[in-house]
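Engineer: The structure's right below; bear with me while I get my questions together.
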């Protein structure tokens, strides 16, 4: 039997998420036209199957798959109001499918408008997949539902047609390269009128939204501190910055009450190194408050620095061309010297000979510039800045 897939003219109904939740992708089918001789999936001749808008539209897709081997696709004139996707020739197991990336997002929620003609399928179930092959029935109220043929009036959807489903409990959908959502005709579904589904019975979807909260995929690879010239020098390194606003540097003198002493804007690139220098008096505790653009945040570990317990270091010569000698307190078994750039990137690590009070450091392979030499011994970190010429 030949199926007819049409674009129906139906008034657009916007769904608004809470301020903390973002629309990852949405489809309203306003610019889409379908091939009149397609197979069992949508073939789009104008417009695009990609989502109309959202935070992650790249790679998104919309398809419709039916059991029958032949399909017809047309774009009717309509009545001047916005469009929806509609298809007939339905059977149990047929579905509408939407694909989207959720990279950087969690607590997925979907919303859509769904209605049909009196002889179209009545009962549906929402299914999801992370590979496009194995699909699982979605949990929760609203995952199985019936539609009506009385879903819109005067070009507007009625509330009975608008559906939402909270998939936040399905953590497998969080931060995925792609997920797949299906609205599938349930096994044993009748037509809306209670009879068998007719060949000409239609199913119509519109205003499909997939939303979520930013999950801050940011990875904090390192957060360290050292005392340089009597000041606290804080460095940190990150990867996977997506939608990150920046870093509040927070300080405490009792490791309980923290307050912000500065803010560093995020670069939002693949790999990043940051540096922050502040005055240090006695014992101080520091942590990072990593804030996303939607206001969500998380904290780093807390580190402490003590200006009174630092070991005096002497470095000569400084500036240095080839090698320099660091004078330090007597080294224990695991003492080490680490050279970092000013933004905290580790350049080299040298194991110090136990019992030594002086260590010669070869810097011939360093590029010209400013560096920090950190001496770690028996739980104490001391630093000195030097110039490579």
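The values are calculated or read from the model by the stated rules, or taken from the named source; none is laboratory data. Remember, it's a predicted structure, so these values are computed and weren't measured experimentally. Cβ atoms come from the backbone with ideal geometry, glycine included; neighbour counts cover every protein chain shown.
Engineer: Hey, can you tell me all the residues within segment 136-161 that are crowded, with 18+ Cβ neighbours inside 10 Å and out of contact with any helix residue (DSSP H, G or I) (no Cβ under 9 Å at 6 or more places or on another chain)? Step through it out loud before you land on a result.
Structural biologist: First, the residues of segment 136-161 that are crowded, with 18+ Cβ neighbours inside 10 Å: 138, 147, 149, 151-152, 157, 161.
Once the filter is applied, which keeps residues that are crowded, with 18+ Cβ neighbours inside 10 Å and out of contact with any helix residue (DSSP H, G or I) (no Cβ under 9 Å at 6 or more places or on another chain), segment 136-161 yields 138, 149, 157, 161.
Engineer: May I pose another question? Six or more apart or on different chains, Cβ under 6 Å: which pairs go from a residue in segment 49-64 that's within 20 Å of residue 204 (Cβ to Cβ) to one that's modelled with pLDDT of 85 or more and in a loop (DSSP other than H, G, I, E, B)? Could you list them?
Structural biologist: Correct list of pairs: 51/60.
Engineer: So which residues in segment 359-379 are over 16 Å from residue 319 (Cβ atoms) and surrounded by 13 or more Cβ atoms within 10 Å (Cβ to Cβ), if there are any at all?
Structural biologist: 359, 374, 375, 376, 377 - these are the residues of segment 359-379 that are over 16 Å from residue 319 (Cβ atoms) and surrounded by 13 or more Cβ atoms within 10 Å (Cβ to Cβ).
Engineer: Next up: Can you confirm whether segment 206-214 contains a residue that is in a loop (DSSP other than H, G, I, E, B) and on the phi < 0 side of the Ramachandran plot?
Structural biologist: no
Engineer: The conditions are (1) closer than 16 Å to residue 227 by Cβ; (2) surrounded by fewer than 16 Cβ atoms within 10 Å (Cβ to Cβ), and residue 343 fails exactly one of them. Which is it?
Structural biologist: (1)
Engineer: So, one more: Against the condition crowded, with 16+ Cβ neighbours inside 10 Å and either under 30 Å from residue 368 (Cβ atoms) or in the same structural domain as residue 361 (by TED's automatic domain parsing) (or both), how does residue 275 come out, does it pass? Give the derivation first.
Structural biologist: Details: crowded, with 16+ Cβ neighbours inside 10 Å: yes; either under 30 Å from residue 368 (Cβ atoms) or in the same structural domain as residue 361 (by TED's automatic domain parsing) (or both): yes.
Judged against the criteria, residue 275 is a match.
Engineer: Would you mind telling me which numbered condition in (1) over 22 Å from residue 225 (Cβ atoms); (2) surrounded by 12 or more Cβ atoms within 10 Å (Cβ to Cβ) residue 333 fails?
Structural biologist: Only one criterion is unmet by residue 333, namely (2).
Engineer: Sticking with this structure for a sec: Collect the residues in segment 299-310 that are surrounded by fewer than 16 Cβ atoms within 10 Å (Cβ to Cβ), part of a loop (DSSP other than H, G, I, E, B) and touching a strand residue (DSSP E or B) at 6+ places or on another chain (Cβ under 7 Å), keeping them in residue-number order. If you could, list the steps in order and put the result at the bottom.
Structural biologist: Quick first cut of segment 299-310, residues surrounded by fewer than 16 Cβ atoms within 10 Å (Cβ to Cβ) only: 299, 301-302, 304, 306-309.
Restricting the remaining residues to those that are part of a loop (DSSP other than H, G, I, E, B) gives 301-302, 307-309.
Selection gives 301, 302, 307, 309.
Engineer: I'm trying to understand the selection: among the residues of segment 112-128, which are touching a residue at least 60 places away in the same chain (Cβ under 8 Å), under 20 Å from residue 166 (Cβ atoms) and crowded, with 21+ Cβ neighbours inside 10 Å? Lay out the reasoning, then the answer.
Structural biologist: Of segment 112-128, the ones touching a residue at least 60 places away in the same chain (Cβ under 8 Å) are 112-125.
With under 20 Å from residue 166 (Cβ atoms) added as a condition, the list becomes 112-114, 124-125.
Selection gives 112, 113, 114, 124.
Engineer: For the subset of segment 280-298 comprising residues that are in a strand (DSSP E or B) and modelled with pLDDT under 90, which member is surrounded by the fewest Cβ atoms within 10 Å (Cβ to Cβ)?
Structural biologist: Filtering segment 280-298 for residues in a strand (DSSP E or B) gives 283-292, 297-298.
Now drop any that are not modelled with pLDDT under 90, which leaves 283, 291-292, 297-298.
Details: 283: 15, 291: 18, 292: 23, 297: 15, 298: 12.
Taking the candidates together, the pick is 298.
Engineer: Further question on the same structure: Condition first: touching a strand residue (DSSP E or B) at 6+ places or on another chain (Cβ under 6 Å) and part of a loop (DSSP other than H, G, I, E, B). Now tell me which residues in segment 218-238 satisfy that.
Structural biologist: Passing the criteria: only 218.
Engineer: Within the group 241, 250, which residue is outside any strand (DSSP E or B) and either surrounded by fewer than 17 Cβ atoms within 10 Å (Cβ to Cβ) or not assigned by TED's automatic domain parsing to the domain that holds residue 101 (or both)? Before the answer, list the steps.
Structural biologist: Details: 250 fails: outside any strand (DSSP E or B).
Answer to the selection: 241.
Engineer: Which fully enclosed strands (runs of 3 or more DSSP E) of segment 42-145 have 1 or more residues being closer than 28 Å to residue 243 by Cβ and either under 33 Å from the mean Cα position of the chain (by Cα) or modelled with pLDDT of 95 or more (or both)?
Structural biologist: 61-65, 95-100, 105-116, 123-129
Engineer: Hey, among 325, 360, 338, which residue is under 17 Å from residue 226 (Cβ atoms), assigned to a strand (DSSP E or B) and free of Cβ contacts under 8 Å to residues at least 40 places away in the same chain?
Structural biologist: On the way: 325 fails: under 17 Å from residue 226 (Cβ atoms); 360 fails: under 17 Å from residue 226 (Cβ atoms).
Selected residue: 338, the only one of 325, 360, 338 that is under 17 Å from residue 226 (Cβ atoms), assigned to a strand (DSSP E or B) and free of Cβ contacts under 8 Å to residues at least 40 places away in the same chain.
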